[in-house]
1. Go through (1) surrounded by fewer than 16 Cβ atoms within 10 Å (Cβ to Cβ); (2) hydroxyl-bearing (Ser, Thr, Tyr); (3) more than 21 Å from residue 268 (Cα to Cα) one by one and return the number of the condition residue 41 breaks.
2. Here is a list of conditions, (1) surrounded by 16 or more Cβ atoms within 10 Å (Cβ to Cβ); (2) more than 34 Å from the chain's Cα centre (by Cα); (3) farther than 22 Å from residue 101 by Cα, and residue 257 meets all of them except one; can you say which number that is?
3. Of the residues that make up the range 179-199, is at least one out of contact with any strand residue (DSSP E or B) (no Cβ under 7 Å at 6 or more places or on another chain) and surrounded by 15 or more Cβ atoms within 10 Å (Cβ to Cβ)?
4. Answer yes or no as to whether residue 227 is part of a strand (DSSP E or B) and crowded, with 18+ Cβ neighbours inside 10 Å.
5. What pairs come out if I take residues in the range 22-36 that are touching a residue at least 24 places away in the same chain (Cβ under 8 Å) and part of a helix (DSSP H, G or I) and pair them with residues that are among the basic types (Lys, Arg) and surrounded by 12 or more Cβ atoms within 10 Å (Cβ to Cβ) whose C-beta lies under 9 Å away, six or more apart or interchain?
6. Taking the range 375-432 on its own, how many of its residues are open to solvent by less than 40 Å² (accessible area, probe 1.4 Å), at pLDDT 85 or above and in a loop (DSSP other than H, G, I, E, B)?
7. Assuming residue 145 fulfils every condition listed in (1) surrounded by fewer than 16 Cβ atoms within 10 Å (Cβ to Cβ); (2) out of contact with any strand residue (DSSP E or B) (no Cβ under 6 Å at 6 or more places or on another chain); (3) among the hydrophobic types (A, V, I, L, M, F, W, C); (4) under 24 Å from residue 243 (Cα atoms) apart from one, which condition is it?
Amino acid sequence: MIDEKKLEERLVALEAARSWSPRVVSRLEMLLRSGTDEALYRINPIQFATEKSIAEAEAIDLFLHACVVGLFDMDWLLVCPMCSDVVESFRSLRKLHTHFHCHLCQSDYDAALDDYITVTFTVSPAVRSIRFHKPEALSAWDYVFNYKMTPGGVMPDGVPWSEAAKGLVKALTRIEPGSAANLEVDAAEGALLGQDFDSDAQFLFPVARGAAVPPHEPVILDCGKCVAATADIAPGKVVFEVRNAGELPAVFGILQLPTATFQRPKLHFAPSLSGKRLLMTQTFRDFFRSEVISATEGIAVLDVTLVFTDLKGSTALYERIGDLNAYIQVQRHFQHLLDATVRHNGAVTKTIGDAVMAAFSTSADAVQAALDMREAVDQLNRDRPQRDFILKIGVHRGASIAVTLNERLDYFGQTVNIAARVQSLADGDEICITEEVHGAPAVAEIIAPYPVAKSEAQLKGVSKAMPIYHLARMAF
């Protein structure tokens, strides 16, 4: 059911939120009005961008603004890399944690913002109700294959694992506390796996010729455990009497496996919005300032490129034109740096005095942004009687920890320290990049037109001297 009044009001607010490319909002409206329940549940904005021929950055912005106006709710998902099961989902980053256990795989993982953490969007129940808003009312099949599992995990042959898994299921039902269900299956040689999809309760029975043929097999589910007596069974019809002795409903299934040692094929995942990319989206930082990382140890980011900038001689500027005038001009410089950052898919993490720290998913974006920053500041100087703004830039790539410091999402660790120190090596109008950035994909092509000088630098806190590449302006 659609609430037409709320939908219209919120679409108008979304249209006015920023300048959109032609028909972007209308494509989202069409989805909201005519999309299936499945299409409006856990939407992947990267997939939406591909299907609707929209730039990925604009699609991400579209859904973030749509959350702000109340059209969608944002979900942070912990996705198992082995079976594409949504192990846990959270409506807020502050509830996210990095250590998780998959009941289906009986495996434990440590998630990073780059891997296993994805962000999706579900239509708000205030705008349109879909059956996934009430998972407790879903059928067992719907719950497992449309609510629990994602279609993003794909096998080497291109088939989503969730689709392949459907062919293994011989019985699947919801069992209320204190109730029992008789599940009849026609066992084939290999093995039968019994699985509670919300706990570690499992059994695995080898199926082989010559084994016993129990007419009924009692199974008890209790406190996340499964109690079943038979070790192996013969091919043929078997009835499992499954009793839920626990206090919570159980969604229980029996799967036919080809062997008792069956291993799922290694999955690869379709492109999606990672937690890392979202944190490096300026719109998220602008509109979701209340989001904090509550995990005391922070959340790992395996690969981030950081840009540090600073103004050379800014103290003299304040002395020459006065604090107020200098402050206004420095704010103009900040806006130009922000624009260059956003243009190349990054986000400004913080400003410190006259300095900026920005984060990017790729080194290519970071280097291109740094070049644009330098050009933008040069444009500022062309409108002035003298060169008041001289930018120094450092770029470094590595692992980091996303944390909340002073009520702001920030990055912490050696990569941050090195990036700041590399910036201090830069001369006026110079961009210094490390070996990690220089060797990153597409960077060589970007810097090819510029004079590059290589040096060795001994940075504080780093045991070995680091190669540093100095990018000067192009000679005319």
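The values are calculated or read from the model by the stated rules, or taken from the named source; none is laboratory data. Not measured: the values here are computed from a predicted model. Note that we place each Cβ from the backbone using ideal geometry, even for glycine, and neighbour counts take in every protein chain shown. When the accessible area is computed, the model is the full protein with side chains, heavy atoms only, and any ligands, DNA or RNA have been set aside. Shrake-Rupley method; radii C 1.70, N 1.55, O 1.52, S 1.80 Å.
1. (1)
2. The single condition residue 257 does not satisfy is (2).
3. Among the residues of the range 179-199, at least one is out of contact with any strand residue (DSSP E or B) (no Cβ under 7 Å at 6 or more places or on another chain) and surrounded by 15 or more Cβ atoms within 10 Å (Cβ to Cβ), which makes the answer yes.
4. no
5. Listed pairs, sorted by first residue: 24/52; 27/52; 28/52; 32/128; 33/128.
6. 4
7. With (1) surrounded by fewer than 16 Cβ atoms within 10 Å (Cβ to Cβ); (2) out of contact with any strand residue (DSSP E or B) (no Cβ under 6 Å at 6 or more places or on another chain); (3) among the hydrophobic types (A, V, I, L, M, F, W, C); (4) under 24 Å from residue 243 (Cα atoms) applied to residue 145, the lone miss is (1).
A quick yes/no check of all residues on (1) assigned to a loop (DSSP other than H, G, I, E, B); (2) surrounded by 18 or more Cβ atoms within 10 Å (Cβ to Cβ):
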| position | (1), (2) |
| --- | --- |
| 101 | no, no |
| 105 | yes, no |
| 121 | no, yes |
| 126 | yes, no |
| 156 | yes, no |
| 163 | no, no |
